[in-house]
Amino acid sequence: MVIGLGRFGSSLAGELVSRGSEVLGIDSRPEVVQRHADELTHTAVADTTDPESLRQLGVPQFRRAVVAIGTDLEASILTTSLLADFGIPHIWAKATSRQHGRILERVGAHHVVLPEHDMGERVAHLVTGRMLDYIEIEEDFALVKTLTPDEAVDRALGESRLRSKYGVTVVGVKRPGEEFTYATADTVVRKGDILIVAGQKDQVEEFADVT
């Protein structure tokens, strides 16, 4: 179930359907629901701050729900709270700020996402660094896609001792024209290989700067 069919919610719901999930999309705006009626498994117009409306849609029987309501903070918080009251096991909620996210967690969201903030932070790392991609896993842990540093070229990862020097772990390697493979201590990396590196944020950033 995806509640709120704005840009984020409708994109998420469409992707879930394309991956084989049955999705109920709910929004309070009839014109928005009509726009996505043919794309989603089921759609409904409803006030999701009204518990009776949610019961009539069978919402308490769902196991996974995403609250993708954007600018209406009151509706976002009340809807999340109702889903928690219904005992839905997995609730994701979109937040527009960290403060909003903390409130959503307090009223019952199991997972909070900040799409604009997360994308802004990701792009900032790409713009200011030499990494090819950046994904923050936790507040202090990240995955980075970057090129092989000169000091590791034509050497096995165990021999180049990147982990002991930089505190990072190379978890995957991609040679041009080939697929990604898992990295081991015996993996020999070449110039131009792409590495997937995991570690503390400051350590992976430092490592990417030497590539």
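Could you tell me what percent of the accessible area of the chain is made up of carbon and sulfur, with a 1.4 Å probe and every protein chain present?
Taking all protein chains in place, the chain shows 49 percent carbon and sulfur surface.
Just list whichever of K174/K201; K165/K201; K145/K174 have alpha carbons separated by over 18 Å in the model shown.
Working: K174/K201 22 Å; K165/K201 15 Å; K145/K174 10 Å.
The answer is K174/K201.
Quick check: residue separation of L114 and V45 times 0.36 nm, minus the Cα distance between them. What number comes out in nm?
On the way: separation 69, 0.36 × 69 = 24.84 nm, distance 2.50 nm.
Roughly 22.3 nm would be gained on extension.
How many percent of all Cα-Cα pairs in the range 1-118 sit more than 23 Å apart?
Beyond 23 Å sits 21 percent of the P(r) for the range 1-118.
Over the chain, with the other protein chains present, what is the accessible area per residue in square angstrom, probe 1.4 angstrom? Display every interim value, and only then the final one.
Working: 11900 Å² over 211 residues.
Heavy-atom accessible area per residue stands at 56 Å².
Report the gain in length on full extension from L132 to T71: 0.36 nm times residue separation, minus Cα-Cα distance, nm rounded to one decimal.
Length gained, L132 through T71: 18.7 nm.
Write down Rg/Rh for the chain, rounded to two decimals, with Rg from the C-alpha atoms and Rh from the Kirkwood relation over Cα pairs.
We get a ratio of 1.11 for the chain.
If each DSSP helix of 4+ residues adds -39,500 (n - 2.57) and the sum is divided by the residues in the chain, what number results at 222 nm, nearest 500 deg cm²/dmol?
Counting only the DSSP helices, I get -10500 deg cm²/dmol.
List the GluC sites (Glu not before Pro) within the range 2-31 that DSSP assigns to loop and that have no more than 10 neighbouring Cβ atoms inside 10 Å.
Counting only loop positions with at most 10 other Cβ atoms within 10 Å, the GluC sites (Glu not before Pro) in the range 2-31 are E22.
Just to be sure I follow the definition: excluding the sites themselves, where is the longest run in the chain that has none of the trypsin sites (Lys or Arg not before Pro) in a DSSP loop with at most 15 other Cβ atoms within 10 Å?
64-129
Between E178 and Q56, what FRET efficiency follows from the Cβ-Cβ distance if R0 is 45 Å, with the result rounded to 0.05?
Efficiency computed from Cβ-Cβ geometry: 0.25.
Restricting everything to alpha-carbon atoms, can you work out Rg to Rh for the range 76-170 with a Kirkwood hydrodynamic radius?
We get a ratio of 1.18 for the range 76-170.
The values are calculated or read from the model by the stated rules, or taken from the named source; none is laboratory data. Everything quoted here is computed from the prediction, not taken from an experiment. Glycine gets a Cβ as well: all are built from the backbone with ideal geometry, and neighbour counts include every protein chain shown. All accessible areas refer to the heavy atoms of the entire protein, side chains included, with ligands and DNA or RNA removed. Shrake-Rupley method; radii C 1.70, N 1.55, O 1.52, S 1.80 Å.
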